[in-house]
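Right, one structure below, let's go through it.
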Amino acid sequence: MTETSLTPQVRSKPILKQELAFLFIHLLPLAALWTGASTFDWMLCFFLYLYRMFWVTGGYHRYFAHKSYKTSRWFQFVIAFMAETSAQKGVLWWAAHHRHHHRHSDTPQDPHSMKIYGFWYSHVGWIVGPDFKETDYKVIGDYAKYPELMWLNKHYLVPPTVLALVVMALGGWVNGGSILTMFTSDGFSSLFIGFFLSTVILYHGTFSINSIMHKFGKPRYETGEESKNNLLLALLTLGEGWHNNHHYYEVASRQGFFWWEIDITYYILRGLGAVGLIWDLKEVPRHIKDSKNKQHAQELKRQMERDRPTLVRNGSQKAVEEDVIGY
Ligand SMILES: [Zn+2]
Ligand SMILES: [Zn+2]
């Protein structure tokens, strides 16, 4: 890589009046100081964080950005809608920027490289700055061909608004005893804590993958960039903390490559697969899993292919399959 290609790009500073909504979302949970908050509101906050984190990782990330499994057209729409309830913009916008991240990881073209642009820029600066507001449809043409996804990408405020209204209705029903109280403090306390607080925590949980996961933790594989594995982040983000594994073999539906690498998103995806909603989940080949880098992986693959006839002769067909397709 030449010196010029490592020169950071000039990235614009956020324009405050364009980011007032984002700022306001961070302050809204404080309004619960006036409405109070019930146990139900806190439970809703906890649930909606986990529920939407699953759709961020299993939807935006593993399906739309990486195509790590297949599904039907109607369920694809459900995945996109659910992912967008996280208020992290359109599904095509999200996945297109993420594809750029993998293509240019930790180089100046990376939208959010912590190594090049620092912690705050990689965490939130690139989101609030004006440089990455548009969707690059060229890199997401495989999904941009569906008109329903294009609609959802443009009207990305629809899913979170629907969810916010459902949350208020639930708050009215549970806190006030009737859905008719959804526009009183009974519904608003659920909105501030159940919806907005969980949305803010979800933002920073997701953003931490772009910032912290390219700095703190251990790399298992030599990937040529700064991605790391981190158990704590993997638990908080339902599996995304195995980020070095993911950068090494990004098409896999699982990011925890070994049984002890807890990856809750993957377990849920397997559940969706078991009931037939999704299929063809991509696994991690043995030679990838057991290698140190891509060159080593090729050596292992050749070795496994050489050993294959011996294993078959010895009657270990199962061992052969595990070596070649294994997970
Ligand atoms: Zn990354
Ligand atoms: Zn990725």
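Starting from residues that are among the charged types (D, E, K, R) and at negative phi, keep the ones in the stretch 78-104 and report whichever is nearest to ligand 2 (Cβ to nearest atom). Lay out the reasoning, then the answer.
Quick first cut of the stretch 78-104, residues among the charged types (D, E, K, R) only: 84, 89, 99, 103.
Of the ones still in play, those that are also at negative phi are 84, 99, 103.
On the way: Glu84: 18, Arg99: 8, Arg103: 11 Å.
Checking each candidate, the answer is Arg99.
Those residues that are free of Cβ contacts under 8 Å to residues at least 60 places away in the same chain, in a helix (DSSP H, G or I), within 12 Å of ligand 2 (Cβ to nearest atom) and of a type outside the set (Ser, Thr, Tyr), I need them from the stretch 234-248; list them, please. So that I can check it myself, show each step before the final result.
Going through the stretch 234-248, the residues free of Cβ contacts under 8 Å to residues at least 60 places away in the same chain turn out to be 234-236, 241-246, 248.
Right, trim to in a helix (DSSP H, G or I) and you get 234-236, 243-246, 248.
Subsequent filtering for residues that are within 12 Å of ligand 2 (Cβ to nearest atom) retains 243-246, 248.
Within the stretch 234-248, His243, Asn244, Asn245, His246 qualify.
Return the residue satisfying two criteria in turn: it lies in the stretch 67-80 and is in a helix (DSSP H, G or I) and touching a residue at least 60 places away in the same chain (Cβ under 8 Å), and of such residues it is nearest to ligand 1 (Cβ to nearest atom).
Within the stretch 67-80, the first condition is being in a helix (DSSP H, G or I), and the residues that meet it are 73-80.
Checking the rest, the ones that are also touching a residue at least 60 places away in the same chain (Cβ under 8 Å) come to 73, 75-77, 80.
Values: Arg73: 29, Phe75: 27, Gln76: 24, Phe77: 27, Ala80: 22 Å.
Per the stated criteria, the residue is Ala80.
For His243, work out the one condition from (1) within 16 Å of ligand 1 (Cβ to nearest atom); (2) farther than 30 Å from Ala21 by Cβ it doesn't fulfil.
(2) is the only condition that His243 fails.
State yes or no: is Arg99 closer than 21 Å to His246 by Cβ, out of contact with any Asp or Glu (no Cβ under 9 Å at 6 or more places or on another chain) and assigned to a helix (DSSP H, G or I)?
Working: closer than 21 Å to His246 by Cβ: yes; out of contact with any Asp or Glu (no Cβ under 9 Å at 6 or more places or on another chain): no; assigned to a helix (DSSP H, G or I): yes.
No.
If you take the residues of the stretch 55-77 that are touching a helix residue (DSSP H, G or I) at 6+ places or on another chain (Cβ under 6 Å) and over 24 Å from Lys138 (Cβ atoms), which of them is farthest from ligand 2 (Cβ to nearest atom)? Lay out the reasoning, then the answer.
Initial filter on the stretch 55-77 (touching a helix residue (DSSP H, G or I) at 6+ places or on another chain (Cβ under 6 Å)): 55-60, 63-65, 68, 77.
Next, from what is left, pick out any that are over 24 Å from Lys138 (Cβ atoms): 55, 57-58.
On the way: Trp55: 15, Thr57: 9, Gly58: 12 Å.
Among them, the one singled out is Trp55.
Assess whether Tyr143 counts as being closer than 29 Å to Ala65 by Cα and assigned to a loop (DSSP other than H, G, I, E, B).
Against the criterion (closer than 29 Å to Ala65 by Cα and assigned to a loop (DSSP other than H, G, I, E, B)), Tyr143 does not qualify.
Of all residues in the stretch 249-271, how many are more than 13 Å from ligand 2 (Cβ to nearest atom), in contact (Cβ under 8 Å) with a residue 60 or more places away in the chain and closer than 12 Å to Tyr69 by Cβ?
2
When the residues of the stretch 208-233 are narrowed to those that are surrounded by 18 or more Cβ atoms within 10 Å (Cβ to Cβ) and not in a loop (DSSP other than H, G, I, E, B), which ends up nearest to ligand 2 (Cβ to nearest atom)?
The qualifying residue nearest to ligand 2 (Cβ to nearest atom) is Ile209.
Considering only the stretch 22-44, I want to know if a residue exists there that is more than 16 Å from ligand 1 (Cβ to nearest atom) and either under 30 Å from Thr223 (Cα atoms) or touching a His at 6+ places or on another chain (Cβ under 8 Å) (or both).
Going residue by residue through the stretch 22-44, those that are more than 16 Å from ligand 1 (Cβ to nearest atom) are 22-44.
Still in the list and also either under 30 Å from Thr223 (Cα atoms) or touching a His at 6+ places or on another chain (Cβ under 8 Å) (or both): none.
No, there is no match, as no residue in the stretch 22-44 is more than 16 Å from ligand 1 (Cβ to nearest atom) and either under 30 Å from Thr223 (Cα atoms) or touching a His at 6+ places or on another chain (Cβ under 8 Å) (or both).
From the list Gly90, Gly58, Gly36, exactly one residue is surrounded by fewer than 18 Cβ atoms within 10 Å (Cβ to Cβ) and modelled with pLDDT of 95 or more. Which is it?
Checking each option against the conditions leaves just Gly36.
Give me a count of the residues in the stretch 102-140 that are more than 14 Å from ligand 1 (Cβ to nearest atom) and either part of a loop (DSSP other than H, G, I, E, B) or touching an Asp or Glu at 6+ places or on another chain (Cβ under 6 Å) (or both).
Going through the stretch 102-140 one residue at a time, the tally reaches 8.
Please determine whether any residue of the stretch 81-100 is small (Gly, Ala, Ser) and without any contact (Cβ under 8 Å) to a residue 12 or more places away in the chain.
Residues of the stretch 81-100 that are small (Gly, Ala, Ser), as a first pass: 83, 86-87, 90, 95-96.
Still in the list and also without any contact (Cβ under 8 Å) to a residue 12 or more places away in the chain: none.
Among the residues of the stretch 81-100, not one is small (Gly, Ala, Ser) and without any contact (Cβ under 8 Å) to a residue 12 or more places away in the chain, which makes the answer no.
The values are calculated or read from the model by the stated rules, or taken from the named source; none is laboratory data. What you see is a predicted model, and the numbers here were worked out from it, not measured in a lab. All Cβ positions, glycine included, derive from the backbone under ideal geometry; neighbour counts span all protein chains shown.
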